[in-house]
1. Given LYS84/LYS168; LYS84/LYS166; LYS47/LYS166; LYS146/LYS173; LYS47/LYS102; LYS37/LYS159, which pairs have Cα atoms separated by over 27 Å?
2. How much length, in nm to one decimal, is gained on full extension between ALA156 and ALA104, taken as 0.36 nm per residue of separation minus their Cα-Cα distance?
3. Only Lys, Arg, Asp and Glu count, each charged at its Cβ (+1, +1, -1, -1), so figure out the dipole size of the range 38-91 about its Cα centre, rounded to 20 debye.
4. Calculate, in nm to one decimal, what ASP77 and ALA14 gain on full extension: separation in residues at 0.36 nm each, minus their alpha carbon distance.
Amino acid sequence: MSLYSGLSAGGPSAHSDILTATPDNEPSRRSLIEEIKRRGRACVVAKNYPDADAIYGKGIEVLSSVITNNKEGNNEDEVHNCEKDISIFYSNRSLVRMQMGKIAEALEDADEAVRYDPAYVKAHWRRGQAANACGNTSMALESFEKALELDPTNKALMKEVESVKKKKEEEEKLLAEGGGVDEKKENDAKMEEASPKSTNDALKDA
């Protein structure tokens with residue numbers, strides 16, 4: 001049984017065919033990656049986050065192997081294409097894990113998304129969201145500002161930057177005034193509630 005099976009209703013996963021697939025050539029691997037994108041997107045839309053987590057995990061597993069093998073073979077074009085896809089999978093799994101309350105894991109995935117494709121706006125966006133949820137406003141602001149630098153006209157990102165700037169200023173003010181930890185936590189909760197939580201923006205690149 002696959003590591004990723006048994007996720008739907010306590011029984012075998014409806015996606016066991018792709019979760020246990022072992023593509024042995026480039027066409028079959030590309031076909032599998034496209035199917036992973038399609039099913040992952042469908043699971044996120046349906047809010048079936050456990051299966052989405054597993055599906056994106058399978059994509060990451062397959063692409064990681066391809067990247068390693070092609071780096072050894074000096075196939076730079078193939079590595080570049082796979083790095084873009086794996087960044088999307090890490091970014092989308094970060095979103096999924098945020099929705100599942102796995103905040104630390106969401107941040108780790110976002111970090112990987114940025115590492116594989118530093119020019120991918122959504123990767124920095126996810127990193128900002130996860131860092132903000134972890135209470136690391138400095139990292140969140142840095143990530144949102146980088147995303148905005150890559151996409152300067154994005155109004156949603158502008159709002160994220162302003163929201164985190166305000167949160168960071170209030171934190172610094174509380175610390176300067178000797179504010180209590182409970183007061184800071186309450187403020188964090190209010191700011192988090194005000195932060196946009198839409199999942200649709202992750203799916204355009206998937």
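We did not get these values from a lab; they are worked out from the coordinates using the rules stated. Bear in mind that the values here come from a model prediction, so they are computed numbers and not experimental data. FYI the Cβ positions are ideal-geometry reconstructions off the backbone, even for glycines, and counts take in every protein chain you see.
1. Numbers: LYS84/LYS168 32 Å; LYS84/LYS166 33 Å; LYS47/LYS166 31 Å; LYS146/LYS173 25 Å; LYS47/LYS102 15 Å; LYS37/LYS159 29 Å.
Violating the 27 Å Cα-Cα cut-off are LYS84/LYS168; LYS84/LYS166; LYS47/LYS166; LYS37/LYS159.
2. Here the answer is 16.4 nm.
3. Working: 7 positive and 9 negative charges, 84 e Å.
About 400 debye.
4. Details: separation 63, 0.36 × 63 = 22.68 nm, distance 3.36 nm.
Net length gain for the segment: 19.3 nm.
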